[in-house]
Every structure is written in C-alpha cells, then in structure tokens.
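Notes for the one structure printed next.
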Amino acid sequence: MASRPTSPVQGVLFDLDGTLLDTAPDLIVAVNQALAGVGLPEQPSKRLQPLISHGVAAMLRTVIPIEESAILDAALASALAFYGNNLARQTHPFEGIPAVLDELDRRGIPWGIVTNKLTRFTDPLVAAFGLNERARAVISGDTTARRKPDPLPLNEACRRIGQPAAACVYVGDARSDIEAGQRAEMMTLAATYGYLTADDRPDAWGADGTLSTPTELLGWLRPRLIAQLS
C-alpha cells in the first residue's frame, strides 16, 4: 500500500506488547513456570518471544500438543495466574518510547492503546508505568465485543480520543494489527522492532510504513501534522 503523505494525523494508537512495552521477559518466565509445573522442559526465550503477539496459549503449544487439552488448560491457567502476579517485574518500555510519548503529549496529540491483552492484565500493567494517566483510551481484548483483527476496538479507541479513524495512525508489531487498522480505514505502521516470527514479512503487510525504532515515528509524523512538529 502506498504511503499517504498528505493525510493529516490527529491521533496515534499503539499496540501494547511488542510495540509500547517489552513484556517478553515476564511472559516467558510465566510460561516456563507453567511448563515446569506440568513436568515439561523450559523453553529458550528465542523460541517463545516471537509468539508473544499470538498469546500465552500459542507459546505453550510450542511444547504441548493441542490434543493434550487437559495439560494445556492446566498450564495456561497456571501461566496466567503467575503472570497476573508478576507482570511488571522485568517488563519495560522499548528504548525511545518515553521520548515519543513525551513529544506527543507536549504537542497535544491524543494517543491511546489498543491491545488484545485482557483487561485484568492490561490495566495493572499500564498503571505500573503511569500510562493510564496519559493515554486518552485504553482498549483491551475484552473491552469490546470483538478483538483485533476486527476493527471494532480501534473504532472504539478513536471514539474515545475524539478523532475520526481516517485521521489516526495505528502502530503495531503483528500482521493482525495492520489488518485491523486497514479495516478501520486508518493509517498503519508496522513496528519491526517488536515480536516478529521468522516467517513474518512486514514489508508485505500493506502498512503505510515500517518503524525499525520507536523514535522513527516522530519523523514519519512530522510532514503529516500540519507543522505541529516543525
């Protein structure tokens, strides 16, 4: 998809895991604790990290066959319980994210978060980094009736920040993020610094651009903000 350099941007929405926050360390610990609890070997970070955008169940399925549903269910419940009590121990913003959010706030550009993470994990995690006091909208996987790649969560976020979808850009590290943004008729940016799998080809997702670092967002925004970042 060709970029739209003349489209003014009046709002920015972000995915959470792999885009705003590097949540991999805490999620991987939770998954490995659960695997150990059902007598299975721990897995290296390099095997689990690319699956984070697909959820804890997908991470567990790297070891537990889908037909072993009872073991999978027990491990999933254990992993989620552990994660809920330890979700901000090693998690941290990606390098450059604080500067990006500070600049958006300084310029009065509303921003929000749209994630498939459940509210019971999203809210305490966002609060741990003070983002709940700054984001104009925080939409979790169970906030609306449908989740990404359905456009409904993004449309709800746009409603909450008070901007039309066509004037917003969504930044995410998964193909489903870009699909959701496109279906919402938003501009989209693929965060290639996030949790990509070996098979991911973000250049082929049809996004309006790619970001190899978070701070590249400010450069992408500059000509699209009608001199707000001049």
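Laboratory data are not the source of any read-out in this text; all were calculated from the coordinates shown. This structure is a prediction, so every number in the text was calculated from the model and none was measured. Backbone-built Cβ (ideal geometry, glycine too); neighbour counts: all protein chains shown.
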Test: residue in region 220-229 that is more than 22 Å from Leu87 (Cβ to Cβ), surrounded by fewer than 21 Cβ atoms within 10 Å (Cβ to Cβ) and under 18 Å from the mean Cα position of the chain (by Cα): no
Qualifying residue in region 72-82 (condition: of a type in the set (Phe, Trp, Tyr) and over 24 Å from Arg134 (Cα atoms)): yes
Test: residue in region 153-162 that is assigned to a loop (DSSP other than H, G, I, E, B) and either of a type in the set (Lys, Arg) or without any contact (Cβ under 8 Å) to a residue 24 or more places away in the chain (or both): no
Those residues of region 178-197 which are under 20 Å from Asp22 (Cβ atoms), touching a Pro at 6+ places or on another chain (Cβ under 6 Å) and crowded, with 24+ Cβ neighbours inside 10 Å, in sequence order: Ala190
Residue satisfying condition, being surrounded by 14 or more Cβ atoms within 10 Å (Cβ to Cβ) and touching a strand residue (DSSP E or B) at 6+ places or on another chain (Cβ under 6 Å), within set Leu48, Leu104, Leu76: Leu104
